[in-house]
There are 2 protein chains.
Amino acid sequence: MVSRAYTDGAKISNESRKKVYEAAEKLGYRVNYLARGLQTRQSNLVGIVASALDTPFRARQVKMAAREFIRQGYRPMLMVAETPDEVEQLISLLFSYNVAGMLITSATPSSEIIVESNNLSVPVVLINRETEIVGPDKVQIDIQQAGKLAFDMLIRSGAKNLAVVRPVSPSFSVTGRSDAFVQHCSENGYSAQVFNAASQSYDSGFEVAGKIGLALDRIDGLFCTTDLLAIGVMDRLRADWNVDIPNGLQIVGFDDIEQAKWGSYQLSTIRQDAKEQACAAVDLMLDRIENPDRDPKIYLQTVVPIFRNTTQKSQ
Amino acid sequence: MVSRAYTDGAKISNESRKKVYEAAEKLGYRVNYLARGLQTRQSNLVGIVASALDTPFRARQVKMAAREFIRQGYRPMLMVAETPDEVEQLISLLFSYNVAGMLITSATPSSEIIVESNNLSVPVVLINRETEIVGPDKVQIDIQQAGKLAFDMLIRSGAKNLAVVRPVSPSFSVTGRSDAFVQHCSENGYSAQVFNAASQSYDSGFEVAGKIGLALDRIDGLFCTTDLLAIGVMDRLRADWNVDIPNGLQIVGFDDIEQAKWGSYQLSTIRQDAKEQACAAVDLMLDRIENPDRDPKIYLQTVVPIFRNTTQKSQ
DNA sequence: ATGAAAGCGCTAACAC
DNA sequence: GTGTTAGCGCTTTCAT
């Protein structure tokens, strides 16, 4: 009886429904969605597994994903995991909550856990992660395009001697765009010096800039694979080597985080749209929920050039 | 039988337990925590209601809270709300998921919803929000101490003519610390000019710096109520007025976000520890869950001075 | 349109 | 230590 009042399209008179609502109001009654889910055998809980949540790009990505999930009637549980081990554990936990799906934007989970998600048939979508295991849908930037774009931006702005800064630890998206850049350079008859940074962070950029400073006479165009790296590099290069950017060195970053616009940097960069990414990911998941047996899809995201003041005006 | 295998301290032989586990492994069985919660009438779901998740300080705060919840065996649902209306809606939603409690770090919810949470007896903890309604536990910075500290830092560094930048829209924590600063100035025989910024953001800082630039001859010490404001102010003041910081103007920020350390800023600031804040909040909530009838508590957080390069060395 | 009963996956309580 | 049963809050089905 009460149940029908809260079920759309159930057979109940408006009169009764109104009565139920009034009584509910008085008693502070709420439908228990968890119990409902038990019966209907579906859940509108989803999981978001993320690392480095306090990093500008990731924060934006997660915010957008959470909003979109909520907008679509799903409730995201937030799992923040830094290490691969943690990722595994938390994913495993999510299984026990009967999540309708999960979105992963952190370390890539191991193949076993992906297999498990296949068996339990909970949809997984990976953002900017690579894995050979089939099953999960994926949202990825077009790393080839990204590499080409970085090359084009620097060359068209007049740079001739190229270099790239990338984190040491391999990652589909970040070292991937570096590789694509290098490859594109050599295909076009340029060589690119590569600098390895410890991670993707500002600090790593600041640190590796020590090495870049030493090589300044052989470089006039630098692709930094994340904006944070770029900003760290800029700060160090200006402070310790008094480098004039863009006249002494041109820099292109990647991500287009909020800070790239800041007056001290005005970084020319390549934007990956966090909102588009997040929405694509939840769309894929919802689509998979409706249609569990379809083949895995990849949403390939196009990346766009943003010219600010760390590159020279192209003629 | 199966149930006992997964219940700590249940009467079951190790042998049986092992058998159950093995069978579970083979079948891919998982305990359904939602169903368990239905029976035990308790849930380890909690809600985190946050706005401006893509802002450095908030991102860190939410990350820490989520991690701490997970560590303690709770599962946070993330609700991102920008407007007060959204906050209400999402809180209301959370009630239907039988959350064990909720942590709010966004616009302050209206009193009705607080009353409702009291009635449903779901613990609420507010971070840096004020409300006259009793019920919720609170974690707050000590705004009096904050105001005094900002004053002391500037005065001890040799500033004589003080000013403060604050967002127009009143907020317990942010305009509160501004008010405390102004009050503390006047108690000590100083006057403080106040500049109103549109919001707490970098852009607002950048914008209001237009007005500050005009008043530069009457100011040598500036308290910016958030680091983002401070950074925006610095960028504009350097670019358009060529101000020498700290020799021409000393600046103290608030929060100690990651970017405050960056080479271009090296902002002297007042740190509120996001991790401490988050942990205090979840502690309060868990304590309230165990002891639902205790009186509301306030955790008053002490704030600490960080001297970098936007203030002069005190003698 | 309404009432009654069964059952979702689980635990608690009571027998043995 | 183990088997059985009732019931958490809900929806669904089958009567009425």
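The values are calculated or read from the model by the stated rules, or taken from the named source; none is laboratory data. No experiment lies behind these values; they were computed from the predicted model shown. Please note: Cβ atoms are built from the backbone with ideal geometry, for glycine as well, and neighbour counts cover all protein chains shown. Surface areas here come from the heavy atoms of the whole protein model, side chains and all, with no ligands, DNA or RNA. Shrake-Rupley method; radii C 1.70, N 1.55, O 1.52, S 1.80 Å.
A few comments on the model shown:
- The lysines whose alpha-carbon is closer than 16 Å to the alpha-carbon of B:Lys11, local same-chain residues fewer than 8 away aside, are B:Lys19.
- Summed residue charge, Cβ within 13 Å of A:Arg288's Cβ, Lys/Arg positive, Asp/Glu negative: -3
- Summed residue charge, Cβ within 11 Å of A:Val122's Cβ, Lys/Arg positive, Asp/Glu negative: +1
- Our summary gives chain B a relative contact order of 17 percent, counting only alpha carbon pairs under 8 angstrom and 6 or more residues apart.
- Backbone phi angles across the range B:8-23, fed through the Karplus curve with coefficients 6.51, -1.76 and 1.60 (θ = phi - 60°), yield HN-Hα couplings of 4, x, 7, 7, 7, 6, 4, 4, 4, 4, 4, 4, 4, 4, 5, 4 Hz in residue order; Gly and Pro are listed as x.
- Mean partner shielding of peptide A:259-267, defined as the number of other chain Cβ atoms within 10 Å of each residue Cβ, is 5.
- Listed residue pairs exceeding 26 Å between alpha carbons, taken from B:Lys63/B:Lys261; B:Lys160/B:Lys211; A:Lys138/B:Lys26; A:Lys275/A:Lys297: A:Lys138/B:Lys26
- Local electrostatic count at A:Phe206 - Lys and Arg +1, Asp and Glu -1, tallied over other residues with Cβ under 13 Å: -1
- When both the range A:199-240 and the range A:2-34 are represented by their alpha-carbon centers, they are found 62 Å apart.
- Amide H contacts under 5 Å for B:Arg75, placed H, 5+ residues apart: B:Leu45, B:Val46
- Accessible surface of A:Thr40, taken over heavy atoms with a 1.4 Å probe and every protein chain present, rounds to 70 Å².
- The protein assembly as shown, helix-only ellipticity at 222 nm - DSSP H runs n ≥ 4, -39,500 (n - 2.57), divided by all residues, nearest 500: -13500 deg cm²/dmol
- Near A:Ala197, the amide H atoms lying under 5 Å from its own belong to A:Arg166, A:Val168; only residues 5 or more places off or on other chains count, and H is placed 1.01 Å from N.
- Taken over the protein assembly as shown, the convex hull of the Cα atoms encloses 189 Å³ per residue.
- Shielding of peptide A:52-59 by partners, expressed as the average count of other chain Cβ atoms within 10 Å per residue Cβ, is 6.
- For B:Gln301, the residues whose modelled amide H falls within less than 5 Å of its own, excluding neighbours fewer than 5 places apart on the same chain, are B:Gln140, B:Ile141, B:Asp142.
- The range A:1-153, accessible surface, carbon-and-sulfur percent (1.4 angstrom probe): 48
- Evaluated at q = 0.11 Å⁻¹: base-10 log I(q)/I(0), Debye formula over Cα of the range B:44-173: -0.45
- The order of A:Met64, A:Met285 by accessible area, most exposed first and with a 1.4 Å probe, is A:Met64, A:Met285.
- On the principal axes of its alpha carbon atoms, chain B extends 80, 40, 32 Å, with the longest extent given first.
- For the residues of A:25-35, the average number of beta carbons from a partner chain within 10 Å of their own beta carbon is 4.
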